[in-house]
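A.B. asks: Before I ask anything, here is the structure I am working with.
Just so you know, all these numbers are worked out from the coordinates, no wet-lab data involved. Being a predicted model, the structure only gives us computed values, none of them experimental. Here the Cβ is made from the backbone with ideal geometry for all residues, glycine too, and neighbour counts use every protein chain on show.
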Amino acid sequence: MITPQPLRCRLYLITPPRPEDPAALARALDEALEAGDVGAVQIRFKGEINPETGDEAPASDAYIRQHAPVLIAIARTRGVAAILNDRPDLARELGADGVHVGQSDASYEAARADMGRDAVIGVTCHASRHHAIEAADAGADYVAFGAFYPTTTKTPSSQADPEIVEWWSELFTTPCVAIGGINAENAAPLVQAGADFLAVSSGVWDHPEGPAAGVRALNAAIKRALAP
């Protein structure tokens, strides 16, 4: 279960989309999860980027089946929810705790039918209040807004402002995830706006002192932003 904590913002860690060494990624994930609080890990594997459009090809089923189970097991051992990106069918097959779907992926309803009522299902809502309300009304376990900052992880299709997080947190109880270019230096406005989770990829994996240090830095930034 992916759970926010009262008066607390948690880290939602997203894997690198194209890890050069999946075995090294597994070791780094274990060290990162030991380093500090992480509410969920999203396993987001992708294929190559189209240089003309910036779109990412999907990872092959074989690649996901080969490498995702190790990461799911590590997350589960650490008591962290393992969320597979895009693929409710494979999430169910591989025993993930849930799935994250985008606006161009499987619908929330299809994902819920695939995964069952106890699975965690999150929905990308970009900067759309309408999409977020629809997802929450349908039963989504969280909604994700972004991108808030420039990111090299993917080509964002929208630009969001912290105000949408503040609006959501004041009116709705469904947790919200802020995503897009977040790191320890720029996290504070999103924490203070009321984000329940900060989705971070390169801010952890590309940290100059390693992923474990990245997790510690993000948790320290969250603590500072919430200090009275």
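A.B. asks: How many nm separate the modelled label positions at Thr53 and Arg224, each set 7 Å beyond the Cα in the direction of the Cβ?
C.D. replies: Each label point lies 7 Å from its Cα, and together they span 4.1 nm.
A.B. asks: Of the chain, which part is the longest with no GluC sites (Glu not before Pro) in a loop (DSSP not H, G, I, E, B) and with at most 13 other C-beta atoms within 10 angstrom?
C.D. replies: The answer is 53-184.
A.B. asks: Moving on to the next point. What is the dipole size for region 30-75, taken about its Cα centre, with +1 at each Lys and Arg Cβ and -1 at each Asp and Glu Cβ, in debye to the nearest 20?
C.D. replies: Using Cβ point charges on Lys, Arg, Asp and Glu, region 30-75 gives about 180 debye.
A.B. asks: What residue among Ile72, Ile164, Ile182 has the largest mean-square fluctuation in a Gaussian network model of the chain, using Cα springs under 10 Å?
C.D. replies: Ile164
A.B. asks: With θ set to phi - 60° and the Karplus curve 6.51 cos²θ - 1.76 cosθ + 1.60, what are the ³J(HN,Hα) couplings of region 174-185 in order, to the nearest whole Hz, using x for Gly and Pro?
C.D. replies: Once rounded to whole Hz, the list reads 4, x, 10, 10, 9, 9, x, x, 7, 9, 5, 7.
A.B. asks: Quick query: amide H of Gln42 versus all other amide H atoms, modeled in the peptide plane; which residues come in under 5 Å with a sequence gap of 5 or more or a different chain?
C.D. replies: Under 5 Å from the amide H of Gln42 lie the amide H atoms of Leu13, Ile14, Thr15, Ile83, each far enough along the sequence or on another chain.
A.B. asks: Check Gly47: other-chain or 5+ apart residues with amide H under 5 Å from its amide H, H built from backbone geometry?
C.D. replies: Ala57, Ala59
A.B. asks: Here's a follow-up. Whole-Hz Karplus ³J(HN,Hα) for region 23-36, in order, using 6.51 cos²θ - 1.76 cosθ + 1.60 and θ = phi - 60°, x for Gly and Pro?
C.D. replies: With coefficients 6.51, -1.76 and 1.60, one gets 5, 5, 4, 4, 5, 5, 5, 4, 5, 5, 5, 6, 7, x Hz.
A.B. asks: Report the full-extension gain for the segment Asp161 to Glu20: residue separation times 0.36 nm, less the Cα-Cα distance, to one decimal in nm.
C.D. replies: 47.5 nm
A.B. asks: In whole angstrom, how long is each semi-axis of the equivalent ellipsoid of region 12-226, when you take the square root of 5 times every eigenvalue of its Cα gyration tensor and sort them from largest down?
C.D. replies: Over the Cα atoms of region 12-226, the semi-axes work out to 23, 22, 17 Å.
A.B. asks: Also, I was wondering about something else. Work out how far the C-alpha atoms of region 1-122 reach from end to end along every principal axis, then list the three figures in whole Å, largest first.
C.D. replies: Cα spread of region 1-122 along its principal axes, largest to smallest: 43, 35, 27 Å.
A.B. asks: Given the rule -39500 (n - 2.57) for each run of at least 4 DSSP H residues, summed and divided by the residues of the chain, what is its mean residue ellipticity at 222 nm, to the nearest 500 deg cm²/dmol?
C.D. replies: When only DSSP H runs of four or more count, the value is -12000 deg cm²/dmol.
A.B. asks: Considering only DSSP states other than H, G, I, E and B, which trypsin sites (Lys or Arg not before Pro) in region 98-137 qualify as loop sites with at most 11 other Cβ atoms within 10 Å?
C.D. replies: Arg117
A.B. asks: Can you figure out the FRET efficiency of Glu209 with Thr152, using R₀ = 25 Å and their beta-carbon distance, to the nearest 0.05?
C.D. replies: Here the calculated transfer efficiency is 0.85.
A.B. asks: Along the Cα→Cβ direction, 7 angstrom out, place labels at Ile133 and Glu31. What is the inter-label distance in nm?
C.D. replies: 4.7 nm
A.B. asks: Just add up the charged neighbours of Thr3: K/R +1, D/E -1, any other residue whose Cβ is under 13 Å from the Cβ of Thr3.
C.D. replies: Around Thr3, the charge tally is -2.
A.B. asks: Continuing with the same structure: Mind checking the dipole of the chain: about its Cα centre, +1 per Lys or Arg Cβ, -1 per Asp or Glu Cβ, Debye to the nearest 20?
C.D. replies: Dipole about the Cα centre, nearest 20: 540 debye.
A.B. asks: Of Ala212, Ala178, Pro150, which is farthest along the charge dipole of region 12-226 in the positive direction, counting Lys and Arg as +1 and Asp and Glu as -1 at C-beta?
C.D. replies: Highest projection toward the positive end goes to Ala212.
A.B. asks: Next question, about the same structure. For the chain, what is the relative contact order in percent, using Cα pairs closer than 8 Å and at least 6 residues apart in sequence?
C.D. replies: Across the chain, relative contact order equals 22 percent.
A.B. asks: Whole angstrom only: what separates the Cα centroid of region 192-217 from the Cα centroid of region 119-174?
C.D. replies: Each part reduced to its Cα centre gives a spacing of 18 Å.
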